[in-house]
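Report on the following structure.
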Amino acid sequence: MAPPQDPYTPQTFEHDARWTAVDKYVTSHLHNTIPSPASLTATLTNSSTNGLPDIAVSASQGKHLMLTARLISAQRVLEVGTLGGYSTLWLASATPTTRVTSIEISPAHAAVAEESLQKAGVGERTEVLVGAGLDVLPKLAAEVQAGKREKFDLVFIDADKENNWAYADIAAGMSRSGACLIVDNVVRKGELANDKTEDERVLGGRRVVENVGKDPRLDATVLQTVGEKNYDGFLFAVVK
Ligand code: DHB
Ligand code: MG
């Protein structure tokens, strides 16, 4: 048995000068508008000042999430794993009326995120629910079921990797047909394909890939990516 892992202990990042250079080049030419570079920087600074781990998505991944949400005019976004609100800010910037519901297990992290989101001007359109995903998601699902909350257009899962499938399963049940489901960090330096792995986080990635593949509600693929942080990748699914 692998030892239990603290979800906030970052994986050791693999750095490659080429990946970092391309991210820097791309960001300098393409990331000059919304959200404002100042609000993004302030959000990351607020996170590091408060001792949050440096494991938010990269700028290009954040912008990719925002553009994906914009493509489907996502008005209701669900995020599992707020951390300091960096990806939340990107997602909330998809359209002027996009609302993001984000779940965060750490009250301290949630407070940092709320402060940053408020300062970035999206506080009115974002809610951070404090609690474990496995406690909060069923409550949201019950609200959707009771007609008290509308179905989601896009879900971004970026929390403890062991529960990826449990989160994706509940999320799929409360997303509209045509909704998009994205799970961060499933490739993990290629370990995803290692069928001998005992790393619970990799196993969480394998479980979500294998179960999504058998799930008649979903159609999916995984896109491997490199960047300023690591060789990793999103699982990307559409709800049928
Ligand atoms: C880790 C978690 C993440 O969500 C991420 O994007 C990178 C690393 C981690 O826990 O190591
Ligand atoms: Mg992540």
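Can you spot a residue in segment 189-209 that is open to solvent by less than 10 Å² (accessible area, probe 1.4 Å) and away from ligand 2 (no atom under 15 Å from the Cβ)?
Within segment 189-209, not a single residue is open to solvent by less than 10 Å² (accessible area, probe 1.4 Å) and away from ligand 2 (no atom under 15 Å from the Cβ).
Going through segment 95-110 one residue at a time, which ones are assigned to a strand (DSSP E or B), crowded, with 23+ Cβ neighbours inside 10 Å and not polar (S, T, N, Q)?
Residues of segment 95-110 assigned to a strand (DSSP E or B): 99-104.
After this cut, where a residue has to be crowded, with 23+ Cβ neighbours inside 10 Å as well, the list is 100, 102-104.
Within segment 95-110, V100, I103, E104 meet the criteria.
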Original post:
Of (1) within 16 Å of ligand 1 (Cβ to nearest atom); (2) open to solvent by 10 Å² or more (accessible area, probe 1.4 Å); (3) part of a loop (DSSP other than H, G, I, E, B), K63 satisfies all except one. Which?
Top reply: (3)
Original post:
Out of (1) within 22 Å of L52 (Cα to Cα); (2) modelled with pLDDT of 95 or more, the odd one out for K148 is which?
Top reply: (1)
Original post:
Just for segment 67-88: of the residues that are away from ligand 1 (no atom under 11 Å from the Cβ), small (G, A, S) and in contact with a strand residue (DSSP E or B) (Cβ under 8 Å, 6 or more places away or on another chain), which one is most open to solvent (accessible area, probe 1.4 Å)?
Top reply: S73
Subject >> All positions within segment 210-230 that are closer than 29 Å to T27 by Cα and either away from ligand 2 (no atom under 16 Å from the Cβ) or surrounded by 17 or more Cβ atoms within 10 Å (Cβ to Cβ) (or both) >> reply: A220, T221, V222, T225, V226, G227, E228, K229, N230
Subject >> Checklist (1) more than 23 Å from A132 (Cα to Cα); (2) more than 16 Å from ligand 2 (Cβ to nearest atom) applied to T68, failing item >> reply: (2)
Subject >> helices (runs of 4 or more DSSP H) fully within segment 120-225 counting 1 or more residues that are in contact with an Asp or Glu (Cβ under 6 Å, 6 or more places away or on another chain) >> reply: 200-214
**OP:** Among the residues of segment 34-58, write down those that are more than 17 Å from G81 (Cα to Cα), of a type in the set (A, V, I, L, M) and either in a loop (DSSP other than H, G, I, E, B) or within 16 Å of ligand 2 (Cβ to nearest atom) (or both).
**Re:** I34
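Answer yes or no as to whether T27 is β-branched (V, I, T), within 20 Å of the chain's Cα centre (by Cα) and more than 16 Å from ligand 2 (Cβ to nearest atom).
Yes.
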Original post:
Which of (1) free of Cβ contacts under 8 Å to residues at least 40 places away in the same chain; (2) within 17 Å of V57 (Cβ to Cβ) does V183 not meet, given it meets every other one?
Top reply: (1)
Original post:
Can you name the number of the only condition in (1) open to solvent by less than 30 Å² (accessible area, probe 1.4 Å); (2) within 19 Å of A94 (Cβ to Cβ) that V144 fails?
Top reply: (2)
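The values are calculated or read from the model by the stated rules, or taken from the named source; none is laboratory data. Computed from a predicted structure; not experimentally measured. Backbone-built Cβ (ideal geometry, glycine too); neighbour counts: all protein chains shown. These accessible areas exclude ligands, DNA and RNA; they are computed on the full protein's heavy atoms, side chains included. Shrake-Rupley method; radii C 1.70, N 1.55, O 1.52, S 1.80 Å.
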